[in-house]
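J.: Here it is: the structure, laid out below.
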Amino acid sequence: MARPLDGLLVVSLEQAVAAPTCTCRLADAGARVIKIERPEGDFARLYDDVVHGESAYFVWLNRGKQSIVLDLTAAADKALLEAMLGKADVFVQNLKPGALARLGFAAERLRRDYPRLIVCSISGYGESGPYANRKAYDLLVQAEAGLASVTGGPEGPARVGVSVCDIAAGMNAYEAILEALIARGRSGEGAEISVSMFDAMADWMTVPLLQHEGGKPPQRVGLAHTSIAPYGVFKSRDGADILISIQSDREWRVLTERVLGDAALGTDPSFATNVARVRNRGETDRRVGAAFAALPLDALMQKLAAADIAFARVNGPAELASHPHLRRVTVETPSGPAAYPAPAAQWADDARHYGKVPALGEHTEQVRAEFARRSG
């Protein structure tokens with residue numbers, strides 16, 4: 001079955017996580033992605049060695065791509081990049097702002113010379129502004145954008161446990177490129193796109209920002225919700241952690257009657273509304289915690305399910321590995337197959353194939369020969 005981006009050529013001068021996230025999705029959708037690596041390789045190849053000696057990050061985000069090694073200080077390699085861009089539909093890059101222009105590939109020049117080309121630049125703080133030249137890595141942006149300040153418990157800020165700023169920037173870039181492809185289909189014109197990790201995370205920080213500006217700055221409350229109660233973790237009699245979420249006053253009344261066994265609590269003015277429960281969070285949580293602590297895990301989960309109360313176990317990677325809802329894809333790597341979580345979007349009647357993770361420079365000679373013929 002044909003995939004949505006079959007026939008498109010993407011050239012990507014990329015490293016680490018943000019840009020590879022974007023181009024991985026483009027490759028999954030059928031685009032041919034030529035990944036340009038420096039002679040020592042994308043440094044994400046060396047983040048760890050847990051997948052048959054390969055990096056988990058690299059194996060996750062580089063399936064289905066072709067890897068070529070170029071030294072862009074060399075005239076011949078610059079000429080090869082120029083030849084590829086002349087045929088490309090999309091060019092993605094996440095070098096430090098200004099670096100591409102110093103190599104002779106400024107986005108403005110590329111747009112002028114190749115009007116149908118979509119150029120997407122991913123950076124920490126954007127192409128201009130006071131922080132544009134700063135190095136930016138995921139945890140630094142988590143801190144700078146305020147995400148760390150609303151993550152963790154009362155004792156101090158914490159890091160979100162995955163590279164959320166990188167991933168958000170990469171997915172924003174992917175979405176913007178798809179929009180640009182649709183627009184090009186109508187106008188024939190390419191586009192110049194800039195995506196920053198800071199902007200991606202600032203967007204996600206809208207609610208805490210508006211709460212702060214409204215006079216109610218969010219507080220770190222750990223595995224709980226700053227503005228909804230009860231919404232957090234409680235222990236069963238046998239010590240298992242169960243997280244529940246009560247989204248409405250109606251759900252609260254159901255919880256009190258069918259799980260806590262105290263229907264009167266549901267209409268008590270001190271707890272009847274979410275505003276009241278948040279104001280009395282300590283006592284709200286104490287009442288829920290006492291009832292949960294009286295029940296073993298299986299009985300508690302049965303009651304919650306029967307009452308249609310939203311709940312979850314507090315799992316770790318070990319539990320995820322055997323989760324009944326985990327779908328995996330198997331991808332070939334230079335050192336053997338790796339099975340890991342499948343992309344979230346499922347297309348009906350689409351038995352999608354996920355391409356191999358390339359060895360460093362695996363396709364260099366093939367690509368050189370191909371574009372030499374095209375330009376000859």
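The values are calculated or read from the model by the stated rules, or taken from the named source; none is laboratory data. The structure presented is a predicted model; accordingly, all values stated were derived computationally and were not measured. Cβ placement follows ideal geometry from the backbone for every residue including glycine, while neighbour counts extend to all protein chains displayed. Side chains are part of the model used for accessible areas, which takes the heavy atoms of the whole protein and leaves out ligands, DNA and RNA. Shrake-Rupley method; radii C 1.70, N 1.55, O 1.52, S 1.80 Å.
J.: Assuming a ≥ b ≥ c are the square roots of the Cα gyration tensor eigenvalues, decide whether region 1-84 counts as rounded (a/c under 1.5), prolate (otherwise, with a/b larger than b/c) or oblate.
T.: oblate
J.: Same structure again: Using a 1.4 angstrom probe, figure out how much accessible area the chain has per residue, in square angstrom, rounded to the nearest whole.
T.: Per residue, the chain has 50 Å² of solvent-accessible surface.
J.: Also, quick follow-up: Helix 18-28 against the longest principal axis of the chain: what's the angle in degrees, Cα atoms only, rounded to the nearest 10?
T.: Tilt relative to the chain: about 80 degrees.
J.: Please state, as a whole number in µm²/s, the translational diffusion coefficient that the Stokes-Einstein equation yields for region 274-344 at 10 °C and 1.306 mPa s, with Rh defined as the Kirkwood radius across alpha carbon pairs.
T.: 100
J.: Over the chain, what relative contact order in percent results from Cα pairs under 8 Å that are six or more residues apart?
T.: Reported as a whole number, the value is 17 percent.
J.: If you average 1/r across every pair of different Cα atoms in region 24-129 and take the reciprocal, what Kirkwood value do you get, in Å?
T.: Over region 24-129, the inverse of the mean reciprocal pair distance is 15.2 Å.
J.: Given Cβ point charges of +1 (Lys, Arg) and -1 (Asp, Glu) and nothing else, what value in debye, to the nearest 20, does the dipole of region 138-276 about its Cα centre take?
T.: So the dipole magnitude of region 138-276 works out to roughly 380 debye.
J.: A follow-up question, please. Taking the chain as the reference, fit the longest principal axis to its C-alpha atoms, fit the long axis of helix 249-258 to the helix C-alpha atoms, and give the angle between the two in degrees, 0 to 90, nearest 10.
T.: 60
J.: Also: Highest GNM mean-square fluctuation, the chain, Cα pairs closer than 10 Å: which of VAL92, VAL221, VAL195?
T.: Comparing VAL92, VAL221, VAL195 in a Gaussian network model of the chain, the most mobile one is VAL221.
J.: Hey, if we sort TRP252, TRP204 by accessible area with the 1.4 Å probe, largest down, what's the order?
T.: TRP204, TRP252
J.: Note down the accessible area of GLU319, probe 1.4 Å, to the nearest 10 Å².
T.: 90
J.: Using r as the Cβ-Cβ distance of ARG368 and GLU155, and R0 as 56 Å, what FRET efficiency do you calculate, to the nearest 0.05?
T.: Efficiency computed from Cβ-Cβ geometry: 0.50.
J.: If you don't mind, another one. Semi-axes, largest first, in whole Å: what does sqrt of 5 times each Cα gyration tensor eigenvalue give for region 69-112?
T.: Taking √(5λ) for each Cα gyration eigenvalue gives 15, 14, 10 Å.
J.: Something else about it: Pop out the Kirkwood hydrodynamic radius of region 220-376 from its pairwise C-alpha distances, inverse of mean 1/r, in Å to one decimal.
T.: After inverting the mean inverse Cα-Cα distance, the result is 19.6 Å.
J.: How much of the accessible area of the chain, probe 1.4 Å, is carbon plus sulfur, in whole percent?
T.: Carbon plus sulfur share of accessible area: 54 percent.
J.: For region 49-199, what mean projected area does the convex hull of the alpha carbons give, in nm²?
T.: Value for region 49-199: 11.5 nm².
J.: Out of every Cα-Cα pair in region 132-177, what percent are more than 18 Å apart?
T.: When all Cα pairs of region 132-177 are counted, 36 percent exceed 18 Å.
J.: Using only the alpha carbons of the chain, determine the length spanned along each of the three principal axes and report them from longest to shortest in whole angstroms.
T.: Extents along the principal axes, in whole Å: 83, 45, 40.
J.: Helix 364-375: angle to the longest alpha-carbon principal axis of the chain, degrees 0 to 90, nearest 10?
T.: So the inclination is approximately 50 degrees.
J.: Please give the solvent-accessible surface of ASP49 in Å², to the nearest 10, using a probe radius of 1.4 Å with every protein chain present.
T.: 110
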